[in-house]
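Just so it is clear, none of the values below were taken in a lab; they were calculated from the coordinates. Quantities reported herein were computed from a predicted structural model and do not represent experimental measurements. Positions of Cβ are generated from backbone atoms using ideal geometry, with glycine treated the same way; all protein chains shown enter the neighbour counts.
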Amino acid sequence: MSQVYVVDAGVLFSTWTKKIPDATLVTTSNILSELHNKPSQFRSEILMVINRMRAIDPEEKEIHRTTDAASQSGDISVLSENDIELIALALKIKNEGKKVTLVSTDFAVLNTASHLDIAILDPSGKFKEQITWVRRCPACKYKSKTPSDDIECPVCGTEMRRMSLRKRKMS
Ligand SMILES: [Zn+2]
């Protein structure tokens with residue numbers, strides 16, 4: 001069974017795809033439309049033409065599952081719709097029983113995917129720990145376990161900050 005790599009816009013901006021010449025690449029149509037500079041557009045078009053890359057979009061059920069996981073990990077407030085879709089696409093491929101790795105340099109994307117037990121790869125090598133985020137009030141120290149909902153402290157009204165509740169080393 002061949003390995004499928006789900007790639008982020010940041011990865012398509014780079015020349016990382018040249019390092020894995022035999023792998024199958026997929027991304028979403030919205031990620032492709034994020035590519036505005038000519039060299040990365042050109043590289044992506046070539047990859048599509050030679051059938052090494054395809055654009056696939058996830059379904060509602062995977063988007064819901066990803067949104068839930070991002071709420072639980074505390075990443076939801078910093079993820080774009082395109083980010084959510086990309087993670088949902090990796091989840092869809094994983095659920096089809098294929099070997100899939102999500103390649104991104106975006107920590108929130110990598111973190112949410114790791115909470116969904118999706119294999120991840122950070123070409124920059126900087127993502128080392130899975131984090132569960134909470135929001136904490138810097139004034140009265142109130143902690144919110146639902147980081148997506150509370151931006152202002154419900155106790156004193158101060159703007160809350162994101163802080164890590166738990167960290168787990170990635171193997
Ligand atoms: Zn407070």
So which lysines pass the test for Lys99, namely a Cα distance under 29 Å, with those fewer than 8 places away in the same chain ruled out? Lys18, Lys19, Lys61, Lys126, Lys128, Lys167, Lys169
Using a Gaussian network model of the chain whose springs link C-alpha atoms within less than 10 Å, name the residue from Thr105, Thr15, Thr66 with the highest mean-square fluctuation. Thr15
Dipole of the chain (Lys/Arg Cβ +1, Asp/Glu Cβ -1, origin at the Cα centre): which of Ala69, Cys153, Leu110 lies farthest to the positive side? Leu110
The range 84-115 to the range 25-82: how many Å between their Cα centroids? 10
If each residue's Cβ is checked for other Cβ atoms within 10 Å, how do Leu35, Leu12 rank with the fewest at the top? Leu35, Leu12
Scan the range 66-170 for GluC sites (Glu not before Pro) in coil per DSSP, keeping those whose Cβ has at most 15 other Cβ atoms within 10 Å, and list them by number. Glu96
A correct Karplus calculation of ³J(HN,Hα) over the range 128-143, with 6.51 cos²θ - 1.76 cosθ + 1.60, θ = phi - 60°, whole Hz and x for Gly and Pro, returns 10, 9, 7, 10, 10, 9, 10, 9, 10, 7, x, 8, 9, 6, 4, 10
In what sequence do His64, His115, His36 fall when counting other Cβ within 10 Å, fewest first? His36, His64, His115
Charges only on Cβ, +1 for Lys and Arg, -1 for Asp and Glu: so what's the dipole of the chain about the Cα centre, in debye to the nearest 20? 840
Wrap a convex hull around the Cα atoms of the chain, take a quarter of its surface area, and give that in square nanometres. 10.7
From fewest to most C-beta neighbours within 10 Å, the residues Ser2, Ser80, Ser71 line up as Ser2, Ser80, Ser71
Taking 0.36 nm per residue of separation between Asn51 and Lys18 and subtracting their Cα-Cα distance, the length gained on full extension comes to 10.4 nm
